[in-house]
1. Normalising by the residue count of segment 52-178, find the relative contact order in percent from Cα pairs under 8 Å and 6+ residues apart.
2. Please give the length that would be gained between residue 209 and residue 245 if that part of the chain were fully extended, namely 0.36 nm times their separation in residues minus their C-alpha to C-alpha distance (nm, one decimal).
3. Any chance you could list the semi-axes, whole Å, largest first, of the equivalent ellipsoid that the Cα gyration tensor gives for segment 215-360, using √(5λ)?
4. What ranking of 122, 260, 97 emerges when the number of other C-beta atoms within 10 Å of each C-beta is taken as an exposure proxy, fewest first?
5. For helix 5-21, what angle does its Cα long axis make with the longest principal axis of the chain, in degrees from 0 to 90 and rounded to 10?
6. Taking Kirkwood radius over Cα pairs in Å straight from the coordinates, which label in (i) 29.2; (ii) 20.2; (iii) 21.7 is the correct one?
7. How high is the relative contact order of segment 214-268? Use alpha-carbon pairs under 8 Å, at least six apart in sequence, and give a whole percent.
8. For the chain, what does the relative contact order come out to in percent, with C-alpha contacts under 8 Å and a separation of six or more?
């Protein structure tokens, strides 16, 4: 069916009625960047309102060419941005699609007065017939005579038609003299990736092999030839007082299966004067303050025992306690020592031995 100008006017009116009662079709179409620089795809329909996609189809200079925003029909809207105040159809040499003053041919395009969404700027069945473009320099007749590559489309404008805010067009190749032209293909929309299946699941069999844990031993490590370190004695309240440290000892609990915990105790012998072994100072004069050493300790749940005060120390006492289920691994311990000699004892070096014993709970 060939469309006369009057017929096209009636068709546009029918579309307007449909748009008032429903939403615009083009809202569901993605904007695909075009290789020729167009801001959006422009679909063209011939005099029979059939979509033309074959770039070999020949249009005549005066033949009907209708532009639409989608491939769903010649009457689907094209949209201009918010704030647009005017629109023009145009023929422009390549690179001049955004400069109104450089349009080789142009004509005013009218917005749909009753858009589907109030306030939007819709163009419906845009008239792209070159012969109908009555303005521009050098004009449509000169373009027809000269032929060549042009862009054919419409521009959305502001500032009384001077500033182009959106330019949508197709590239055409015009035969000199006759004005017959072909339209280059659109840049196709990339197909949407297939959605991943929802709720898909699969099973992976898991069957690790285990081996029974071995139960190690509980042991105390004291360096060979270990000896406490004492400093130079000084008088405190007129009593000879010597400060020292025991040195690190290590409890190793390798019982990873039973995890019973342990108790560490200390026993101190009386101190004898090196020059006169009959000159004895009681073991109660050695103050001992056990402490945990962080470096090298991997076990948890160990508590150092309360300090023994010099002058009132017991001969045998708790040094540290390891709670059940926590103490697997190494525990490094030390102690601060304070030796206070009675005032009636001769000056000299006094020796003794501390025996440390670890037992399972």
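1. Details: 292 pairs, mean separation 38.3, N = 127.
Value for segment 52-178: 30 percent.
2. Working: separation 36, 0.36 × 36 = 12.96 nm, distance 4.88 nm.
Contour length minus the Cα-Cα distance gives 8.1 nm.
3. Values: eigenvalues 213, 36, 32 Å².
Three semi-axes, in Å: 33, 14, 13.
4. On the way: 122 22, 260 15, 97 26.
In increasing order of surrounding Cβ atoms, one gets 260, 122, 97.
5. 30
6. The value computed from this structure is option (i).
7. Values: 64 pairs, mean separation 25.3, N = 55.
The normalised contact order for segment 214-268 reaches 46 percent.
8. On the way: 833 pairs, mean separation 49.4, N = 361.
Computed over the chain, the figure is 14 percent.
Values quoted throughout were computed directly from the atomic coordinates according to the rules given, and no laboratory measurement underlies them. What you see is a predicted model, and the numbers here were worked out from it, not measured in a lab. For neighbour counting, all protein chains shown are included, and Cβ atoms are generated from backbone atoms with ideal geometry for every residue, glycine included.
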